[in-house]
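Peer 1: I'd like to ask you about the structure that follows.
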Amino acid sequence: MTTFAPVYLPLWDEPIQVEAGDVMEVEFVRALSGDGVHPDYSAVVRLTTSEGCVEATASSPYEPAGFRQGWFYRELFTARRRSVQGPADVAAAAGQTP
C-alpha cells in the first residue's frame, strides 16, 4: 500500500475557542480507496468544552468527488492567486482568525 497523509483536515467552518481542561477525542480511520491501492483518510472528532459538546467529521479521499469542496480549499486556491504567505493569510482571506 502506498500512503499519502493529509496535511490538514478542516473540521469546523468557524473557529472554536478552547481552554485548559477541554477535551478533544479524535478517531482517525484509514481504509483502501476504490482502486484497492491508495488510502482514504477520515477523522471523527468530539470536542467537549465548558460550553458543551460539538462533533465534526472530515475526510480526505484519494479520489475526491469534487475540487474545492470545502470553504478552506476554496479560499486556499483563491488566496494562492493573491500571493498567500501561509495559513494565517488563508484564514484571514476566509474572514477568520488563525
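Okay, residues lined up against (1) closer than 17 Å to Asp13 by Cα; (2) surrounded by 12 or more Cβ atoms within 10 Å (Cβ to Cβ); (3) touching a strand residue (DSSP E or B) at 6+ places or on another chain (Cβ under 6 Å); (4) among the hydrophobic types (A, V, I, L, M, F, W, C):
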{"site": "Glu27", "(1), (2), (3), (4)": "no, no, yes, no"}
{"site": "Ala31", "(1), (2), (3), (4)": "no, no, yes, yes"}
{"site": "Asp35", "(1), (2), (3), (4)": "no, no, no, no"}
{"site": "Ala43", "(1), (2), (3), (4)": "yes, yes, yes, yes"}
{"site": "Leu47", "(1), (2), (3), (4)": "yes, yes, yes, yes"}
{"site": "Gly52", "(1), (2), (3), (4)": "no, no, no, no"}
{"site": "Ala58", "(1), (2), (3), (4)": "yes, yes, yes, yes"}
{"site": "Tyr62", "(1), (2), (3), (4)": "no, yes, yes, no"}
{"site": "Phe67", "(1), (2), (3), (4)": "no, no, no, yes"}
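Peer 1: So, in region 76-92, how many residues would count as being of a type in the set (A, V, I, L, M, F, W, C) and at pLDDT 60 or above?
Peer 2: Filtering region 76-92 down to residues of a type in the set (A, V, I, L, M, F, W, C) leaves 76-77, 79, 84, 88, 90-92.
Checking which are at pLDDT 60 or above leaves us with 76-77, 88, 91-92.
The number of residues fulfilling the criteria is 5.
Peer 1: Out of the residues in region 29-75 that are of a type in the set (A, V, I, L, M, F, W, C) and under 12 Å from the mean Cα position of the chain (by Cα), state the one that is modelled with the lowest pLDDT. Please lay out each step first, then the result.
Peer 2: Let us first name the residues in region 29-75 that are of a type in the set (A, V, I, L, M, F, W, C), namely 29, 31-32, 37, 43-45, 47, 53-54, 56, 58, 65, 67, 71-72.
Filter again for under 12 Å from the mean Cα position of the chain (by Cα), leaving 43-45, 56, 58, 71-72.
Values: Ala43: 90, Val44: 93, Val45: 93, Ala56: 92, Ala58: 86, Trp71: 69, Phe72: 72.
The residue in question is Trp71.
Peer 1: Something else about it: How do the pairs read when you match residues in region 10-25 that are of a type outside the set (Asp, Glu) with residues anywhere that are assigned to a loop (DSSP other than H, G, I, E, B) and exposed (fewer than 10 other Cβ atoms within 10 Å of the Cβ), using Cβ under 8 Å and keeping only pairs 6 or more apart or on different chains?
Peer 2: Correct list of pairs: Pro15/Thr97; Gly21/Ser50.
The values are calculated or read from the model by the stated rules, or taken from the named source; none is laboratory data. Quick caveat, the model's predicted, so the values are computed rather than measured. Counting neighbours? That spans all protein chains shown, and the Cβs are built from the backbone with ideal geometry, glycine included.
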